[in-house]
Structure formats: structure tokens, C-alpha cells
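Inspection log for the structure reproduced underneath, given as C-alpha cells.
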Amino acid sequence: MPTETIRFPGTHGAQIAARLDTPVDAPRAYALFAHCFTCSKDSKAAAYVAQALADQGVATLRFDFSSLEFSVNLEDLLAAAAWLRAQRAAPQILAGHSLGGAAVLAVAARIPEVRAVATLGAPFDPSHVTHLVSVAKETDANLQVSIAGRQFQVAKSFFDDLAGQNAAATIAALRKPLLVFHSPRDTIVDIENASKIFLAAKHPKNFVSLDRADHLLTQKDDARYAATVLAAWASRYLEPEAQVHAAVPGVRVAEAGEGRFAQLVTAGKHRFRADEPASVGGDDSGPGPYDLLLAGLGACTSMTVRMYAEQKKWPLERVTVDLKHDKVHASDCADCETREGKIDKIERVLTLEGNLDEAQRARLLEIANKCPVHRTLHAEVWIPTRLA
């Protein structure tokens, strides 16, 4: 995904470092992501959420908070929303990780354009952070604290700031669709926090368990799963006019911007990824090129068989097509014109469910070979290629 490095002014004049991750085509909407208390805009959770949203056509602004003060975090979020509103478009999605989740809950009502809010491992009450802090020493103006073995310096007003938040009232007044992610194995923020957030919120609201994930979502699969679910869930709440992607004639394939081979495929209003498996240097973030070829043939086969059975009013209940591609020696194919070297072999197995007699099954097998994609693969294909 294309990434733009930007800076924008915070509420108190500090310049805030940020990344704006965008889809290959024009964004259908914008999102804001707030990182966890001890994280940054470059955390795995932030990066994977931005990537998944980009795959759905949503651009994401992720930034570094200018202070550890919770109230300043809220002002930073408002400043980020204001920058987006002025420079691109106001954010429709807010997402926050850990204390960043508490921050987006606290500020969502103050950004009127926001249509969906999501939290990942968020504490119900921001003051929960104080239970994780052991004070190492006190200076004149600040407290040096240790959090999970890492040293931080915070203002003495830090704890008073957290204690001044009224989470229950804020969440109850949210009045926006909410998605709560949490892991039952989270040892930093207990899952009881998710229960309190969920109970305090009004509908529509959803909860997704992150099962094996740790609090920081350090495992790629956990972060990617949460990000993908978030992106799919949020897409239904975007403005109606933003639901349709910009029309692209035919199919467009563009590099996704991560890994060696990841591609973003746009087919009409549909978007999905293609990639290579890790065994050949890819990230396995989507089906490979031959997987997509087989999927096209399989889908066409099933649709063609279904259409014919309906025309004949035959009791076909379900069609399943299993396909496998391989390279084989031409000499192994008795019916092939090519006699030397290797050829492509696509093995296709149809499973036809329903009260069909043998004659009907035999006829549907014949029809499978008449699907348009099958014919294309057997016909002479002309692929003129040019530079744009």
C-alpha cells in the first residue's frame, strides 16, 4: 500500500509525526488509528490495521501521540481529524489499541463524521493503566515509571488526568456502531474490561474474541485477523455514496506495497489480495496466480452446471468442484497433440449432490466441459500487452 510520511500541528503546537496509508485507487473513506500506551504508529497492530483497511479501499492516518498525557492524546486525535478534514476528508472510522482504544471511545462523539468505532485490547477505564505502573523514582516535575520492564517519564498530573475520565458515561453516550476486540489470554488488560465496555455501549455493538493473541498483537496472524475483521465490519457503516469503488474497466492488479509479491486485485467493486506462498518468497497473504486461475475455472464450471440443471428442472442440490494444477510430461497424455516436453494439467473433479440418475449425471459432466472459461483455456488466446 502507498504510504505518505506527513507531519501536522498538535493542539499545543508540537509537530506530530504520522503515516497516511492509502489504497492503490482513490480512497472510499478515511480512518484514524490510535496506538497503545507504550507503542507507536509503527506497531504491528497499527500497520496491519492500515494494510487491511487499504485492501478495502480505506486510507488510514496513524500517528505518534505528542505526550503520554491522556487528555493531550484526545486533543491529538482531534487535531488529526481536523488535518484529515482539511487536507483529505474527515475520518469515518476510528480504531484504537489498548489505551488508544480508550482514547477513541472518549473522543468519538466529538468527531461528528465518524460512523464506526473499534477497540483492540482496550481498558474500560483509562485509569486501569495505573495498575500497570510501578514508580521507580520521582523528580521535580515528573515521575519515572516502569511499565512491563520499560522506563518512561510522565508528568505528576498523569494519574490525576486518568482518574478524571468517566468511561461509563462516555461509552453509554457514544451512539455509534462499536466493535470490541479482546483476547481472553490478555495478561495486561483483563478481558473483563471488554465485558464492561460492551455492556456500557448501546447497540449496534459487536464483540470478537482474539483467542490466542497477546495484548500487543505481536503475532502476525493475530494482528492480520483482527485487522481483516475490522475492515470488513467497518465497510458496512461507510456513507452510502462511498460504498461503491471507482469504476475500473475489467480487472486491475497493482502491487500492494508489502512484501515481494503481494498484489491488490480490483474487479468492479470487489477487492482482494493475491500473493505467493512463503516457500517461494511471498507472505501468503492471498491466493497465488494459479489458485486464481483454478478458482475462475471452478466457479465457471459450477455456475454452468447449475444453470443447465435449473433449465432442465433437475434435482441438483449442490455442486462442488475440486481442481489441481500440475506440470506433466506430454507423453503421459494420450489425447494431447504435444508429444514432447511438459504440458499443463488441470485435474477437475465434480461432486454433484441431489437425487440425480446416472444419465443426468453424465450429461452434467458433459456440460461442465462447455463452461466459457474452459473453452477459453482450450481456444487460441490473444493477449496484446502494451505500456500504459
Problem - Residue list for segment 308-347, restricted to those being charged (D, E, K, R), more than 36 Å from the chain's Cα centre (by Cα) and either assigned to a loop (DSSP other than H, G, I, E, B) or closer than 19 Å to Tyr290 by Cβ (or both) - result: Lys313, Asp335, Glu337, Arg339, Glu340, Lys342
Problem - Single unsatisfied condition, Ala86 versus (1) under 21 Å from Cys39 (Cα atoms); (2) small (Gly, Ala, Ser); (3) more than 18 Å from the chain's Cα centre (by Cα) - result: (1)
Practice task
Taking Leu217 as meeting all but one of (1) on the phi < 0 side of the Ramachandran plot; (2) of a type outside the set (Gly, Ala, Ser); (3) in a loop (DSSP other than H, G, I, E, B), write down the number of the exception.
Solution key: (1)
Exercise for the section: Exactly one condition in (1) over 21 Å from Leu238 (Cβ atoms); (2) in a strand (DSSP E or B); (3) at pLDDT 95 or above; (4) of a type in the set (A, V, I, L, M, F, W, C) is not met by Val135; state its number. Expected result: (3)
Completion exercise
When every residue in segment 71-91 that is small (Gly, Ala, Ser) and part of a helix (DSSP H, G or I) is compared, the one nearest to Arg19 (Cα to Cα) is Ala80
Handout entry: Flag if Ala80 is small (Gly, Ala, Ser), buried (at least 23 other Cβ atoms within 10 Å of the Cβ) and out of contact with any helix residue (DSSP H, G or I) (no Cβ under 8 Å at 6 or more places or on another chain)
Key = yes
Handout entry: Verdict on Glu310 being surrounded by fewer than 19 Cβ atoms within 10 Å (Cβ to Cβ), of a type in the set (Asp, Glu) and at pLDDT 90 or above
Key = yes
Handout entry: Unique match (being within 16 Å of the chain's Cα centre (by Cα) and in the same structural domain as Ile188 (by TED's automatic domain parsing)) among Ala256, Ala274, Ala262, Ala227
Key = Ala227
Problem - Verdict on Asp42 being without any contact (Cβ under 8 Å) to a residue 24 or more places away in the chain, acidic (Asp, Glu) and in a loop (DSSP other than H, G, I, E, B) - result: yes
Completion exercise
Flagged in segment 57-73 as buried (at least 20 other Cβ atoms within 10 Å of the Cβ) and either among the hydroxyl-bearing types (Ser, Thr, Tyr) or in contact with a strand residue (DSSP E or B) (Cβ under 8 Å, 6 or more places away or on another chain) (or both), in numbering order, are Gly57, Val58, Ala59, Thr60, Leu61, Arg62, Phe63, Phe65, Ser66, Asn73
Fill in the blank from the handout: Filtering segment 7-39 for residues that are assigned to a loop (DSSP other than H, G, I, E, B), within 15 Å of Gly257 (Cβ to Cβ) and of a type outside the set (A, V, I, L, M, F, W, C) leaves a count of 4
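Yes or no, residue by residue, for (1) of a type in the set (Gly, Ala, Ser); (2) more than 28 Å from Ala167 (Cα to Cα):
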position: Gln15; (1), (2): no, yes
position: Asp25; (1), (2): no, yes
position: Leu61; (1), (2): no, no
position: Ser71; (1), (2): yes, no
position: Trp83; (1), (2): no, no
position: His97; (1), (2): no, no
position: Ala103; (1), (2): yes, no
position: Ala106; (1), (2): yes, no
Fill in the blank from the handout: Taking segment 92-114 and keeping only residues that are under 16 Å from Leu179 (Cα atoms), in contact with a helix residue (DSSP H, G or I) (Cβ under 8 Å, 6 or more places away or on another chain) and part of a loop (DSSP other than H, G, I, E, B), one is left with Gln92, Val114
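Okay, residues lined up against (1) assigned by TED's automatic domain parsing to the domain that holds Gly96; (2) in contact with a Ser or Thr (Cβ under 6 Å, 6 or more places away or on another chain); (3) not in a helix (DSSP H, G or I):
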site	(1), (2), (3)
Ala169	yes, no, no
Val180	yes, yes, yes
Ile188	yes, no, yes
Asn193	yes, no, no
Lys196	yes, no, no
Leu199	yes, no, no
Lys202	yes, no, yes
Asn206	yes, no, yes
Exercise for the section: Tell me, yes or no, whether segment 51-64 has at least one residue that is closer than 26 Å to His270 by Cβ and part of a loop (DSSP other than H, G, I, E, B). Expected result: yes
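The values are calculated or read from the model by the stated rules, or taken from the named source; none is laboratory data. Just so we're clear, the structure is a prediction, and the values are computed from it rather than from any experiment. All Cβ positions, glycine included, derive from the backbone under ideal geometry; neighbour counts span all protein chains shown.
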